[in-house]
1. Name the one entry in Arg77, Arg27, Arg56 that is buried (at least 17 other Cβ atoms within 10 Å of the Cβ), among the charged types (D, E, K, R) and part of a helix (DSSP H, G or I).
2. Which of the following residues is under 29 Å from Thr37 (Cα atoms), more than 16 Å from the ligand (Cβ to nearest atom), in contact (Cβ under 8 Å) with a residue 24 or more places away in the chain and touching a strand residue (DSSP E or B) at 6+ places or on another chain (Cβ under 6 Å): Ser388, Ser406?
3. Somewhere in the stretch 433-447, is a residue in contact with a helix residue (DSSP H, G or I) (Cβ under 6 Å, 6 or more places away or on another chain) and modelled with pLDDT under 95?
4. Of the residues that sit in the stretch 440-453 and are within 7 Å of the ligand (Cβ to nearest atom) and out of contact with any Phe, Trp or Tyr (no Cβ under 6 Å at 6 or more places or on another chain), which one is nearest to Val495 (Cα to Cα)?
5. What single numbered condition from (1) closer than 15 Å to Val311 by Cα; (2) modelled with pLDDT under 95 fails to hold for Gly177?
6. With the structure loaded, tell me whether Arg437 is basic (Lys, Arg), closer than 27 Å to Ser340 by Cα and either in a loop (DSSP other than H, G, I, E, B) or near the ligand (Cβ under 10 Å from one of its atoms) (or both) or whether it fails that test.
7. Inspect the stretch 335-356 for any residue being within 30 Å of Arg148 (Cα to Cα) and more than 14 Å from the ligand (Cβ to nearest atom) and give the result as yes or no.
Amino acid sequence: MRTIWVLGDQLNRQIGALADADRTTDRILLIESTAKTTSKRWHRQRAHFVIASMRRFAAELAEAGFEVDHRRASSLRAGFHEHVDEFEPDVVRATEPASWDGLEMLRDLDVEVVRSNQFLCHYDEFAAWANSRKSFKMEDFYRHQRTRLGYLMEPDGEPTGGRWNFDDENREPPPKGDADPWADPQTSQLDDIDREVMADLEAAASDHGGELWGAEPDGTWATSRRAALSRLRHFVDDVLPQFGPHEDAMVERSWHLAHSVLSPYMNIGLLLPGEVCDAVQDAYDRGGVAINSAEGFIRQVIGWREYVWGVYWLWMPDYRSANVLSADRPIPPAFTGAASTEMNCVGTCISTLHDKAYNHHIQRLMVLGNLSMLHGVDPWALTDWMWSSFVDGAEWVMLPNVIGMSQWADGGRMATKPYAAGGNYIDKMSDYCAGCRFDRKKRTGDDACPFTTLYWDFLARHHDRLVKNPRIARQVRASERLSDLPAVRERAVEVRRMLDAGEL
Ligand code: SF4
């Protein structure tokens, strides 16, 4: 018999090697690796999400008549060798993995690798597109994808609604007051599988020196295809109509707003990007969704998500060590839960992260990522922390988003300018500052907003590099003219010390 080895982020019958699997000739292998589950300080809900999804998928395959070897092993390699020794398969096949190291491992083990169809644009196709141009950016790729895939396109080849991009309608600040117009996410009842997974994870952490953090699973994250499809229907019917306008807003009263919270399912295969976009296109065609909401969502999936996937493979493995700003500080203790914080924006994000293993993209980019860049956190350390802390984390998604987009550690390959901002931006896009002990307008003094102080210090600290960048040169010139710049920089030294010490 042949073996088809299914990795933990390939949990779908339609993916790669599984697509043409045959019950009479193929045995399915899934391996839970203790080395993997104890390799990082995983958020409980992140670790549970992957392992519970693997166990349910293995059970679904067995119910469908496949012989399944779902084994636990000290490592993926050890599990592979144990399986081969026991079953002596004619050949072991696997779908191309989502990570560079995963591909190296499969090649090393002589596993037959089947081309992945888990994304709409294979990374070979992305590389061909990128290498055919002098330079490229996400918007070019997005239009290429829209045209190629036909989402929100008219028969004459023009974009639906007459524009490619409705971003300017999707940056509204949060609605004032207590209004909470966003539908609650669906939840699932936890069952014996969930409880067993958590017990196993806690035991593995305790026996093998691992550490878990964050709240226990509460049913927020679906761990089966059936439940993930239900989450998709809920999003399209009840949430998508409100998706666009407040896409970039942050409010204390809602952790999800109108975000889809579907990324975890796409990232481990429970949902496929094509079926998600088809559902959104159908909803638009039926007239239930405005163009700015439909377009904003489709862009995130076929544009940004696939672009991130493509550049990960294009720029690896060197991309891991990009660090043009020579940032070398550790993750602030306020992020890890080792210290509390009086910064209301950070405290709100970290509290949500603790409870849900999730923050939406603006919280990641403009609060946690922004503060890390202004402070000078090591970009790989931040990548690794986000990878292990967020339910949708993976190296391919975190590296370009953190190293490139949020930390500008690649010097501008992903983002043409650093996403640096002081307290004013956070105040405009959130309701955090009103309840904070710091003053977003102040850059010196004990009550100065750390973001504002560090923003001006960041521009001064990296003056020579940033002043050459036309997209941020005006702000750098403005920092030169600050009469209190020496005092700001002095305060920044103290702020950075306090951040490292967990005193802010
Ligand atoms: Fe965050 Fe500064 Fe606003 Fe406080 S004042 S919530 S620290 S941006």
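The values are calculated or read from the model by the stated rules, or taken from the named source; none is laboratory data. What you are looking at is a predicted structure, and each value in this text was computed from that prediction instead of being measured. Using ideal geometry, Cβ is built from the backbone for each residue, glycine included, and neighbour counts are taken over all protein chains shown.
1. Arg56
2. Among Ser388, Ser406, only Ser388 is under 29 Å from Thr37 (Cα atoms), more than 16 Å from the ligand (Cβ to nearest atom), in contact (Cβ under 8 Å) with a residue 24 or more places away in the chain and touching a strand residue (DSSP E or B) at 6+ places or on another chain (Cβ under 6 Å).
3. Scanning the stretch 433-447, I find at least one residue that is in contact with a helix residue (DSSP H, G or I) (Cβ under 6 Å, 6 or more places away or on another chain) and modelled with pLDDT under 95, so the answer is yes.
4. Taking the candidates together, the pick is Pro450.
5. Answer for Gly177: the failing condition is (1).
6. Judged against the criteria, Arg437 is a match.
7. No, because not a single residue in the stretch 335-356 is within 30 Å of Arg148 (Cα to Cα) and more than 14 Å from the ligand (Cβ to nearest atom).
Every residue, every condition in (1) closer than 30 Å to Val239 by Cα; (2) part of a helix (DSSP H, G or I), yes or no:
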| site | (1), (2) |
| --- | --- |
| Ile302 | yes, yes |
| Tyr307 | yes, yes |
| Leu325 | no, no |
| Cys349 | yes, yes |
| Trp380 | no, yes |
